[in-house]
Amino acid sequence: MGTGLTGVGIVICNVLLIPLIKKREPNRIGLLTSLYTTGMALFAAVASGLAAPLAEFKGFGWRGSLVSWALLVLIGIVLWWPQMQRKEGKQPRGEALPAGVSVWKSRLAWQVSMVLGVQSLLFFTLVSWFPDMLVARGYSTAKAGLLLSVMQLIGLAGSFLAPIFAVKFRQQQGAVSLVSAGYLIGFSLLFIENTTVLYVCMVILGTSMGSSISLAYTMIGLRTEDEQTTGALSGMAQSAGYYLAALGRCALVWSLMLLATGTTCFILC
């Protein structure tokens, strides 16, 4: 239940902050999305690096580690309260969904959802499996978490710069293709067990990881004409996208299990 409620809270914030930016600051979508995704990535990186050491701290344990992060929610509520009193401030770039259109019947909306879904699949797969891969190669749990944190910190540059550059162009296909190439090269380098190559891989994957999430969120704001349609597209893209990511991760796990089972049977035979 705790995991489920945490997930619900995360998704609600992710869905609503994008149309909020569209409504309050429609002419600064790139900059504010950049700041939002960079802040999100920064705190995620800090949490990845400190969660395990906090849990190992004497008398603290994993419960104490979780509670320490829950305290940030209270700080967030206090800082957010002034926003409840603010008034709102249209200009789509490139192809955009008109106001009132059903996003579920739009090819463009499904394209944006697929981008977010594939990005989420790559991101969560990397965050979940990268530390396990390092542990399997002989790294300690704490160091594996630290390296994951460093990789996410590297991604801050991409997370901050990608939306700012993306809004300067009418279309963003080139930026998405560049990030995709980074993922392909980075994942390929993971097969090479060399420390130097690992660090190069971390730079490439970290930059791609930060750029891809901010690009996906920026496109949601750029591809709609008003905040209501932005909210609808944000909800669709993130629900459909995260379902795709979840199904992809399940498929990955089952594929690895089948591969391990098949290999074991082959050796036994």
Quiz item: Looking at segment 199-216, which of its residues are open to solvent by less than 10 Å² (accessible area, probe 1.4 Å) and over 23 Å from Phe165 (Cβ atoms)?
Solution: Cys201
Exercise. Might you let me know whether segment 180-187 holds any residue that is part of a helix (DSSP H, G or I), buried (at least 20 other Cβ atoms within 10 Å of the Cβ), at pLDDT below 85 and not charged (D, E, K, R)?
Key: no
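Run down Gly231, Gly262, Gly248, Gly221 and say which single residue is at pLDDT 70 or above, more than 14 Å from the chain's Cα centre (by Cα) and surrounded by fewer than 21 Cβ atoms within 10 Å (Cβ to Cβ). Show your work before the answer.
Values: Gly262 fails: at pLDDT 70 or above; Gly248 fails: at pLDDT 70 or above; Gly221 fails: surrounded by fewer than 21 Cβ atoms within 10 Å (Cβ to Cβ).
Result: Gly231 is the single residue among Gly231, Gly262, Gly248, Gly221 that is at pLDDT 70 or above, more than 14 Å from the chain's Cα centre (by Cα) and surrounded by fewer than 21 Cβ atoms within 10 Å (Cβ to Cβ).
Looking at segment 43-66, can you tell me whether even one residue there is open to solvent by less than 100 Å² (accessible area, probe 1.4 Å), under 30 Å from Phe169 (Cβ atoms) and at pLDDT below 80? Lay out the reasoning, then the answer.
Filtering segment 43-66 for residues open to solvent by less than 100 Å² (accessible area, probe 1.4 Å) gives 44-55, 59-61, 64-65.
With the extra rule that they be under 30 Å from Phe169 (Cβ atoms), the set shrinks to 44-45.
Going one step further and asking which of them are at pLDDT below 80, we end up with 44-45.
Yes, segment 43-66 contains a residue that is open to solvent by less than 100 Å² (accessible area, probe 1.4 Å), under 30 Å from Phe169 (Cβ atoms) and at pLDDT below 80.
Tell me the helices (runs of 4 or more DSSP H) entirely within segment 1-82 that contain at least 1 residues that are in contact with a Ser or Thr (Cβ under 7 Å, 6 or more places away or on another chain) and not aliphatic (A, V, I, L, M).
Numbers: elements: 2-24, 29-56, 61-80.
Here the list reads 2-24, 29-56.
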Quiz item: When segment 116-132 is examined, which residues are found to be under 17 Å from Ala51 (Cα atoms) and open to solvent by less than 50 Å² (accessible area, probe 1.4 Å)?
Solution: Val127, Ser128, Phe130, Pro131
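The values are calculated or read from the model by the stated rules, or taken from the named source; none is laboratory data. Everything quoted here is computed from the prediction, not taken from an experiment. FYI the Cβ positions are ideal-geometry reconstructions off the backbone, even for glycines, and counts take in every protein chain you see. The protein model used for the area step is the full one, side chains on, heavy atoms only, and it has no ligands, DNA or RNA in it. Shrake-Rupley method; radii C 1.70, N 1.55, O 1.52, S 1.80 Å.
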